[in-house]
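Student: The structure's right below; bear with me while I get my questions together.
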Amino acid sequence: MRWTVRGADALGEALADGPVVIALWHEGLLLAPPVLVRLPAPVASVHSPRPIGRVGSAHVARLGLAPIDMRPRQALAGQREALRWMRAGGALAMAADGPSGPARIAKAAVVEMAAAARAPIWLAAFAQRGARRLPGWDGTLWPRRGPALALYAPGPPVPDRRAGPEAARDAAGALTRALEALREEAAADAP
């Protein structure tokens with residue numbers, strides 16, 4: 001694939017200032033790793049312990065990202081590992097609508113993780129004209145050879161972690177709108 005990447009320099013500057021949470025839609029999980037690995041900080045990605053999540057963990061590890069499992073009954077352990085990763089200078093990539101949808105509706109988990117890490121949210125969208133969509137709730141984009149586009153942009157503000165669940169839900173709504181706008185821009189500009 002031949003990538004056109006926009007916004008990486010600004011994201012690189014943000015990474016130089018400290019940890020960052022990168023939010024993307026679940027549909028872009030197969031396109032994301034080859035671009036995320038090029039960022040100037042190591043990137044970890046969060047995965048479900050389900051069978052497809054384990055496949056995703058192996059996929060990203062092969063491409064140079066660090067997988068972090070978020071097991072429902074051991075969520076606190078996964079969150080601690082993610083926070084340690086970010087405090088050591090890494091970025092954390094999360095599918096805002098994962099692991100099981102609904103598609104393109106952000107959950108509060110991204111906002112809560114960013115608040116716990118005192119990190120800004122950055123958005124990532126990926127597109128490739130002619131990419132096939134896999135069946136399933138998210139319509140995963142199946143990469144093909146040729147040109148592809150990656151866009152990065154600053155996300156909405158992160159509320160203070162003590163602001164409560166209502167503030168996190170409101171921020172998740174803002175994240176949904178911002179990510180969807182970036183996804184639409186990427187789809188319109190896809191090479």
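Student: Tell me, what ³J(HN,Hα) does each residue in region 165-177 have, in order and in whole Hz, if you take phi through Karplus 6.51 cos²θ - 1.76 cosθ + 1.60 with θ = phi - 60° and put x for Gly and Pro?
Tutor: x, 5, 5, 5, 5, 4, 5, 5, x, 5, 5, 4, 5
Student: I would also like to ask the following. In Å and whole numbers, how far do the C-alpha atoms of region 121-191 stretch along each principal axis, longest first?
Tutor: 46, 25, 15
Student: Amide H of ILE22 versus every other amide H placed in the peptide plane: which residues, excluding those fewer than 5 positions away on the same chain, fall under 5 Å?
Tutor: LEU92, ALA93, MET94, TRP122
Student: Mind pulling up the Rg/Rh value for the chain? Radius of gyration and Kirkwood radius, both on Cα.
Tutor: 0.93
Student: Could you compute how fast region 1-106 diffuses translationally, taking Rh as the Kirkwood radius over C-alpha pairs and applying Stokes-Einstein at 4 °C with viscosity 1.567 mPa s? Give it in µm² per second.
Tutor: Using the Kirkwood radius from Cα pairs, D works out to 92 µm²/s.
Student: Then there is this: Before rounding to the nearest 500, sum -39500 (n - 2.57) across all DSSP H runs of length at least 4 in the chain and divide by the residue total; then give [θ] at 222 nm in deg cm²/dmol.
Tutor: -12000 deg cm²/dmol
Student: Which distance in Å, rounded to a whole number, links the C-alpha centroids of region 129-191 and region 1-35?
Tutor: If you average the Cα positions of each part, the centres end up 11 Å apart.
Student: Can you list the HN-Hα couplings for region 148-155, worked out from phi with the Karplus curve (6.51, -1.76, 1.60; θ = phi - 60°), rounded to whole Hz and with x for Gly and Pro?
Tutor: In residue order, the calculated couplings are 8, 10, 10, 10, 10, 8, x, x Hz.
Student: Whenever you get a sec, compute what percent of the accessible area on region 1-155 sits on carbon and sulfur atoms (1.4 Å probe).
Tutor: Here carbon and sulfur together make up 56 percent of the probe-accessible area.
Student: Which percent, nearest 5, of DSSP beta bridges in the chain are antiparallel?
Tutor: 30
Student: Over the chain, give the accessible area per residue in Å² for a 1.4 Å probe, as an integer.
Tutor: Counting only protein heavy atoms, the per-residue value for the chain is 50 Å².
The values are calculated or read from the model by the stated rules, or taken from the named source; none is laboratory data. Given the structure is predicted, the values throughout are model-derived calculations rather than measurements. Surface areas here come from the heavy atoms of the whole protein model, side chains and all, with no ligands, DNA or RNA. Shrake-Rupley method; radii C 1.70, N 1.55, O 1.52, S 1.80 Å.
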